[in-house]
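Visitor: Once you've had a glance at the structure underneath, I'll fire off some questions.
Since every read-out is calculated from the coordinates, none of them should be taken as a lab result. Just so you know, these numbers come straight off a predicted model, no measurement behind them. Using ideal geometry, Cβ is built from the backbone for each residue, glycine included, and neighbour counts are taken over all protein chains shown.
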Amino acid sequence: MSQLQDRIAQFRKMANDDPDNELGHYRLGQLLSEAGEHAEAVAAFRRTLELSPRFSKVYHLLAQSLLANQQRDEALAALRQGFDVADEQGDNMPRDAMSRMLTELGEPEPVSKKVPTSAPQGIGGFRCQRPGCWVGDRARQLDKPPIGDEVGQRIYQSVCADCWMDWVRNYSVKVINELRLDLSSERGQEEYDRYMREFLGLD
């Protein structure tokens, strides 16, 4: 079994064992898309959006897999919906990527519905930049960087306290248990850090 197929098997098991694990379905969809298994990737991305409909980046990935699966109309619908979700939340990178994709497909360029100066901010003016953040204008900044390195500083500057605690209390545990990561090993720590960055939208 190739390394890619082995990782697909890992995340398929994670998604099957815990059907409400958005991280499992999201990562499974990415890997299936990478392997060219686009019909299954579509199903994984759709399930991710059922669990986290504000996760704007997933709409872009879903549209790419739908196009690869010869489902143009569905891809266009996903891009339009994803653009609106990203625009509403101020997720500029996925919003702009979906806008470019629509124009490349010969569709009119979507127009932002937001006034540039009116982006909602959370408590104390802090705005969480994690795609799929569910607390909106109630976002609270962490008291200090949670890790004493450059990544910790990025988390402090761009990720709200609620999203960080969601990772620490919920998804990090699932990643460690489902992938049987040994955090005392260099490889285990690298895997853990990679999933943390993906979950928090730092990559």
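Visitor: Using the eigenvalues of the Cα gyration tensor, what equivalent ellipsoid semi-axes result for region 13-99 when each is taken as the square root of five times the eigenvalue, whole Å, largest first?
Guide: They are 20, 16, 9 Å, listed largest first.
Visitor: Would you mind giving the average projected area, over all directions, of the Cα convex hull of region 136-203 in nm² with one decimal? Please report the intermediate quantities before stating the final value.
Guide: Numbers: hull surface 19.3 nm².
Computed as one quarter of the Cα hull surface, the answer is 4.8 nm².
Visitor: Looking only at Cβ-Cβ distances, which cysteines of the chain have no other cysteine closer than 4.7 Å?
Guide: Cys163
Visitor: Further question: In terms of modelled amide H atoms, which long-range or inter-chain residues lie less than 5 Å from the amide H of Cys160?
Guide: The list, which skips near neighbours in sequence, is Gln129, Arg130.
Visitor: Please count, across the chain, the pairs of lysine residues with Cα atoms under 29 Å apart that sit 8 or more places apart or on different chains. Show your work: numbers first, answer last.
Guide: Details: Lys13/Lys57; Lys13/Lys174; Lys57/Lys113; Lys57/Lys114; Lys57/Lys144; Lys57/Lys174; Lys144/Lys174.
Number of lysine pairs found: 7.
Visitor: Given all pairs of different Cα atoms, what value in angstroms does the Kirkwood hydrodynamic radius of the chain take?
Guide: Details: mean 1/r = 0.0561 Å⁻¹.
Computed over the chain, the radius equals 17.8 Å.
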